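I have placed the structure first, in the form of structure tokens, so that the comments after it can refer back to it.
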Amino acid sequence: MVLFDYLMVILGILFLVLGVLIAVAFLTLLERKVLGYIQIRKGPNKLGFLGILQPFSDAIKLFTKEQTYPLNSNYLSYYFSPVVGFILSLMIWMIIPYYFNLLSFNLGFLFFFCVTSLGVYTVMVAGWSSNSNYALLGGLRAVAQTISYEISLALILLSSIILIMDFNLLLLGNYQMLIWFVFLMFPLGLCWMSSSLAETNRTPFDFAEGESELVSGFNIEYSSGGFALIFLAEYSSILFMSLLFVLVYLGGYDLTFFFYLKLGLLSFLFIWVRGTLPRYRYDKLMYLAWKSYLPISLNFLLFFLGVKILM
């Protein structure tokens, strides 16, 4: 019986990973379509019905291309850092508070912090092991940015953790039955949204891949499969950040159409921001994290601590 339970858990995890990969594939299609309409053009519309098969064609193209690697690169770390980054981005999905089949994480928030902190190393190693100045610069900038915004994300999440006094993501739904947390902590919700943009290296904070000065950032030397894995990891983390925003601020987890609509709208927001806003300046990005978000999140943290003590 125990073996059967373990097999069911493994099967559930496989289905989850498969679902995430399909969602990532169609998120790239959505992004290309939305950016196309923002720029008054069509986007992919040839392959299949209205371009719906385009992501699969892209995947086949990327994974069948020749894998090149620089002669002076540190080959093992160069080869494995995208793989490890991709595995880490899928591992975070294990904390979704499913009602069935999967493991229930009592320490979901802690697991999230641990895995996202490890994600920094894959970017750093990818930049360093390519043995290219551009890749190293891009990697360093990405690491500095990610570490800065991880601190603000952790402090913003601590306010929610103090309100529910638990690390279990499933409880967030119970506490938001009457009022969503986004109304209780509106400025923090906005800070979380822009911090997650910076955390996932998205416009207007995509300094790791600022084409004008860093050609393509830490992934400049990657081609075919390695590039595809970095790409998949980025889009998987975008989807996960949208999901976490829904869990923490927009009513918690429930298996309804409305839940998936909220998730889709937040993913759309990431794309909309990319199509609309120009890139920020790097020093302003750092000031935003350390001089704006850090004081705001600390003040809110003390405020909610006081509220909890009075209750």
Discussion item. Being within 17 Å of the chain's Cα centre (by Cα) and either more than 22 Å from SER267 (Cβ to Cβ) or small (Gly, Ala, Ser) (or both): is that true of PRO82 here?
Written reply: yes
Practice prompt. Filter region 36-69 for residues that are in a helix (DSSP H, G or I), surrounded by fewer than 14 Cβ atoms within 10 Å (Cβ to Cβ), of a type in the set (Val, Ile, Thr) and touching a residue at least 24 places away in the same chain (Cβ under 8 Å) and give the result.
Written response: THR64
Discussion item. For the structure I just gave you, tell me whether SER292 is assigned to a helix (DSSP H, G or I) and surrounded by 19 or more Cβ atoms within 10 Å (Cβ to Cβ).
Written reply: no
Discussion item. Just the residues that are of a type outside the set (Ser, Thr, Tyr) and buried (at least 21 other Cβ atoms within 10 Å of the Cβ), please, taken from region 126-154.
Written reply: ALA126, GLY127, ALA135, GLY138, GLY139, ARG141, ALA142, GLN145, LEU153
Worksheet, complete the sentence: In region 86-144, residues that are in a helix (DSSP H, G or I), within 27 Å of GLY252 (Cα to Cα) and not hydroxyl-bearing (Ser, Thr, Tyr) total 19
Practice prompt. Output the number of residues of region 276-285 satisfying the condition of being surrounded by 14 or more Cβ atoms within 10 Å (Cβ to Cβ) and either modelled with pLDDT of 90 or more or not in a helix (DSSP H, G or I) (or both).
Written response: 2
Worksheet item: How about region 144-168: which of its residues are under 20 Å from LYS284 (Cα atoms) and aromatic (Phe, Trp, Tyr)?
Response: TYR149
Worksheet item: For residues in region 70-111 being modelled with pLDDT under 90, closer than 24 Å to PHE259 by Cα and hydroxyl-bearing (Ser, Thr, Tyr), which is surrounded by the most Cβ atoms within 10 Å (Cβ to Cβ)?
Response: TYR98
Discussion item. Is it the case, given these coordinates, that TYR6 is closer than 23 Å to LEU90 by Cβ, hydroxyl-bearing (Ser, Thr, Tyr) and either modelled with pLDDT under 90 or surrounded by fewer than 16 Cβ atoms within 10 Å (Cβ to Cβ) (or both)?
Written reply: yes
Worksheet entry | helices (runs of 4 or more DSSP H) (entirely within region 155-231) containing at least 2 residues that are modelled with pLDDT of 85 or more | 170-175, 181-184, 186-199
Worksheet item: Is one or more of the residues making up region 246-266 under 19 Å from VAL123 (Cβ atoms) and buried (at least 16 other Cβ atoms within 10 Å of the Cβ)?
Response: no
Practice prompt. Of the numbered conditions (1) farther than 12 Å from SER196 by Cβ; (2) under 20 Å from the mean Cα position of the chain (by Cα), LEU266 fails exactly one; give the number of that condition.
Written response: (1)
Item to complete: Kindly indicate whether LEU261 is free of Cβ contacts under 8 Å to residues at least 40 places away in the same chain and not polar (S, T, N, Q).
Response: yes
Fill in: Subset of region 173-202 (residues that are in contact with an Asp or Glu (Cβ under 9 Å, 6 or more places away or on another chain) and under 23 Å from THR256 (Cα atoms))
GLY173
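The values are calculated or read from the model by the stated rules, or taken from the named source; none is laboratory data. Note that the coordinates shown come from a computational prediction; the quantities given were computed from them, not determined experimentally. Cβ sites come from the backbone with ideal geometry, for glycine too, and all protein chains shown count toward neighbours.
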